[in-house]
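The values are calculated or read from the model by the stated rules, or taken from the named source; none is laboratory data. For clarity, every value in this text was computed on a predicted model and none was experimentally measured. Glycine gets a Cβ as well: all are built from the backbone with ideal geometry, and neighbour counts include every protein chain shown. The area values use the complete protein model at the heavy-atom level, side chains included, leaving out ligands, DNA and RNA. Shrake-Rupley method; radii C 1.70, N 1.55, O 1.52, S 1.80 Å.
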Amino acid sequence: MNLSIYLMFSACMFSGGILGVLLNNRNLILLLIYIELILLAANTNFIIFSKLWNDINGQIFVLFILTISAAEIAVALAIIFKLFHTNKTININDLSTLRQ
Amino acid sequence: MQLAKNSIYSLLSLILILVIVAFCWISLNAEFLAFSLVLLYIGAITIIFLFAIMMSNFYPKNNNWRPKIDLKCFLVGTGFISVMSYIIKDYNFPVTTNITGNNLDLLSQALLHNYILLFCLASMGLLSAVIIVVCLINKEPKDI
Amino acid sequence: MLDLNHLRYLSIVLLVSPLLLGIVNVLLGFFNIARFSHNIFFNRIISFINIFFTSISMVVVGYFLWLYYYNNPDTTSIVWYKLASISNIDLHFGFLLDDLNIVMLTIVITISLLVNIYSIRYMGQDSGYIRFCGYMSFFVFSMLLLVISDNLLQLFFGWELVGLASYLLINYYFQKEQATAAAFKAIIYNRIGDCSLILAVAAIFNYCGSLDYLKVFQHLPESINSVNVICGFLVIAAMSKSAQIPLHAWLSDAMHSPTPASALIHSATMVTIGVFILARLSPILEKSPYWLNTILIIGSTTALFMSILALIEVDLKKIIAYSTISQLGIMMAAIGGSAYVAAIFHIINHAFFKSLLFLSVGTILLATDQNNIYKLPADLKKHLPISYWSTLIASLSSLGLPGFSGFFSKELISEAITSCQLNFSKTAYYMLLITACITVFYNFRLFFLVFHNKSQQVVDKQKNILRNQFKVIFYPIIILALLSITSGVFLFGFVVNNKLFSANLIISNQQQFNNMCQLLRYNFFSKTSLVVFCATGISFVLYIKKTNLSHALRLQIKENFLFFYRIMKNQYFFNHINKLLEIVFKFSCKVFYEIIDQLLIDEILIKNIGKAVVSCSIFVRKLQTGHLDNYVFLTITGTLVIILWLFFKII
């Protein structure tokens, strides 16, 4: 069975996530959602290649990515929570205090 | 890109994608990981997103929102997909191997024999994440 | 075989004594000039030290002469000081003792001693006498360095130092603006020769593989092109130092120097080193008939045209300067005709009679303080009898009257040119004949206008201060007069028997040369001497006899030849050519400075580079907006670029 179709699927998910990150003018949480999509695409890639080479290490790495991405989302949401309380908005266009 | 007016709609599409991907993983002989994907991502992380969106009071209607259309971003996106498809299109990845044993056995053996240290470190990471989150959202109690 | 160490020490003494003298004089001058300058006693001490050290050098030279000619003359070469050793080449300062060097050495030392004695009285009252003595000694030192050298490097050092000494001496009366300008002009002209000489030395080093004379003569280059290159540079160098056309304009202006300096430098020693270097390197020059022809053309042209200029000059010393240039032209023509022996013989004779002429004219200048030949007071013969007779002897030698010294060398040169095989030799012979005729005219013009001019005014007797006072000024004059009469006859025997300069000079047409010498010995009436006698007669008529005929004749000549007269008065417009060159040079410098440096580099390049950097920084600054959106975009675009780069590089 040909694994190219799976790879294509993973590539589409990845570029979809990139486009979402770039074309996002709603809010920061949507940004995080798209980042999750990117990570998912990477995970799928690992699974595909572990099946191709009959190597279990790819799936081990997927497990770790799952773990770490969960932790990262939690921390990111906590930061956004604080940001919301100080700025009263999470619209990307309004958050421009990185430069005076 | 948001084709949806509401960000909750985007979240629901994420859940859909996660389900599809889970099925995809099952067909790739990674049942345990598909199961854990459903459990962790859909079961926990999307709930967190939901709570975050609700608490940021963002679901009141905003009718004057238009999707952002930007040439350079489209170019970058198409750049990524075209590079990747250029690599993939000429390659054949046939699979001719047999799988010996189910996914859970293989995973657990590798994890707890070879990667035991990383396993512990990952758990440390999770613990530290929990502590960080708790510290971040801790408000100083106001004197009454 | 001569004892080498013994010779080495003596030669060092010879060289160092004028150098020491120069240094001592300059140091004394620094410390004492204001207080003691008008002190006669101090000046006498300086004179004594001067004469003493120069006499030491003279004694050493006499000893060398005796050693060299009493024992079998053998070329000895002594190394004084090793400078450097580069692969197989040795650079050193050395001393070569052979025919040519001994002769030049004798001339330099003799004339310098006599001029130093003369200048006790002449420059003794001057406030800068110490400076003068210092400069003269420095000149003698550099001249010795040049003349007795055994390699080309030392020759070059001597050449440059001699140019410097000449500048210092011309610039002696530096309060006069004309003297400074003249000194500067001399330096510029000499510089051209210096550049050419260093190129010649480099060419010889390249083609012959060494800088020593003896080694160069053994390894002469074979191809005609390399010989032509070397000879070309040598000829230009010789032309600048020996004042040939077109590089002659500095010598007439150099007469702003004091008379003893002119006698030493601009008649006897410095201006002859051009001829000396060509004679020294004659084996190389012999191989190039093209350049021999060129030298012949240049020499005879110079001789002819400069002698014409002496006919209308009014300044006393400038007449003698033009006469010197003319005689140098004759010497160069001799070199061109391959008669190197004749050229050196003429150098010796010319040294004696020309410096005699300068010194006599110097006494006249000292007595009357008048440069212009038409404004001299009358009855100079009565008040300055010794000057009268010495000027007469010098003039007769100069024009080549049979029996005097100039006759022998000039005859030799004329006959040598006739018998040489070059294209120009016939024309050169006739040019030299005309020059001999004109030489008679200007020499007698000088003599008659100074001493026998009937339209001079009588002045009071108090002006003539030379009569009863220091006689020491006349001793050198008397010695030189004797030398200039006898040197021709005395040395002619040596020349004929090839005992003079037989070792390192090449004499082509040896048999013909011997025949010619035998002929001259018994025959005083050749073509040239006939011309000389006729011209003497004509000049008597022109200048002395104050009949209506002579006066009318002179007016007629002046009317007819007014056009030529104007050309001669402007010295053939060489000074105007110099001005033109100066304007061109200044213009090109202005172009370089204003257009290239100020406009192109400063304005266009440098300022615009600054502006470019500033605008780049303004552009880059716009990237930092502060919006998260843009930063995210930049990050992802950067990732894409890196992926593309790696991808296209790897695959």
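How do C:CYS589, C:CYS437, B:CYS135 stack up against each other in accessible area, from largest to smallest, with a 1.4 angstrom probe?
Greatest to least solvent exposure: B:CYS135, C:CYS589, C:CYS437.
Could you sort B:ILE53, B:ILE15 by accessible area so the largest value comes first, with the probe set to 1.4 Å? Don't skip to the answer; put the middle values down first.
Working: B:ILE53 5, B:ILE15 50 Å².
Solvent-accessible surface, decreasing: B:ILE15, B:ILE53.
Carbon and sulfur together cover what percent of the accessible area of the protein assembly as shown at a 1.4 Å probe radius? Write out the running numbers ahead of the final one.
On the way: 29210 of 42790 Å².
For the protein assembly as shown, the apolar C and S fraction of the accessible surface comes to 68 percent.
Please work out how much accessible surface C:TYR69 shows to a 1.4 Å probe, ignoring ligands, DNA and RNA, in Å² rounded to 10.
Around 90 Å² of this residue is reachable by solvent.
Relative contact order for chain C using alpha-carbon pairs under 8 Å, separation at least 6, rounded to a whole percent?
Working: 889 pairs, mean separation 76.0, N = 651.
Relative contact order of chain C: 12 percent.
Per DSSP helix of 4 or more residues, -39500 (n - 2.57); summed, then divided by the residues of the protein assembly as shown. What does that give at 222 nm, rounded to the nearest 500? It would help to have the intermediate numbers written out before the result.
Values: 36 runs with 622 residues, N = 895.
That comes out to -23500 deg cm²/dmol.
Loop only by DSSP, 11 or fewer other Cβ within 10 Å of the Cβ. Give me the trypsin sites (Lys or Arg not before Pro) in the range C:571-651 that pass, ordered by residue number.
Within the range C:571-651, the qualifying trypsin sites (Lys or Arg not before Pro) (loop, at most 11 other Cβ atoms within 10 Å) are C:LYS622.
Of all alpha-carbon pairs in chain C, indicate the percentage at a distance above 31 angstrom. Write down the numbers at each step before the final one.
Details: 119169 of 211575 pairs.
It works out to 56 percent of all Cα pairs.
Of C:PHE132, C:CYS231, B:SER27, which is farthest towards the positive pole of the protein assembly as shown's charge dipole, taken about the Cα centre with +1 and -1 on the beta-carbons of Lys, Arg and Asp, Glu respectively?
C:PHE132
For the full complex of protein chains and a 1.4 angstrom probe, list C:ILE120, C:ILE642, C:ILE204 by accessible area with the highest value first.
Working: C:ILE120 55, C:ILE642 100, C:ILE204 0 Å².
So, going from the largest accessible area down, we get C:ILE642, C:ILE120, C:ILE204.
Semi-axes of the equivalent ellipsoid for the range C:604-644, please: Cα gyration tensor eigenvalues, times 5, square-rooted, ordered largest first, whole Å.
On the way: eigenvalues 177, 42, 3 Å².
Each semi-axis is √(5λ); the values are 30, 15, 4 Å.
Give the accessible surface of the range A:1-46 per residue, rounded to a whole number of Å², with probe radius 1.4 Å and ligands, DNA and RNA excluded. Walk me through the intermediate numbers first.
On the way: 1230 Å² over 46 residues.
Per-residue accessible area for the range A:1-46 comes out at 27 Å².
What figure in square angstrom, to the nearest 10, would you give for the accessible area of C:GLU603 with a 1.4 Å probe?
Here the residue's solvent-accessible area equals roughly 90 Å².
Using a 1.4 Å probe on protein heavy atoms only, how many Å² of accessible area do A and B hide from each other, summed over both chains and rounded to 100?
Values: alone 7520 and 13250 Å², together 14550 Å².
Buried: approximately 6200 Å² between B and A.
Enter the accessible area of C:PHE184 (Å², nearest 10), with the probe set to 1.4 Å and all protein chains included.
Accessible area, nearest 10 Å²: 130 Å².
Largest first and to the nearest Å, give the Cα extent of the protein assembly as shown along each principal axis.
Largest to smallest, the principal-axis extents are 144, 62, 58 Å.
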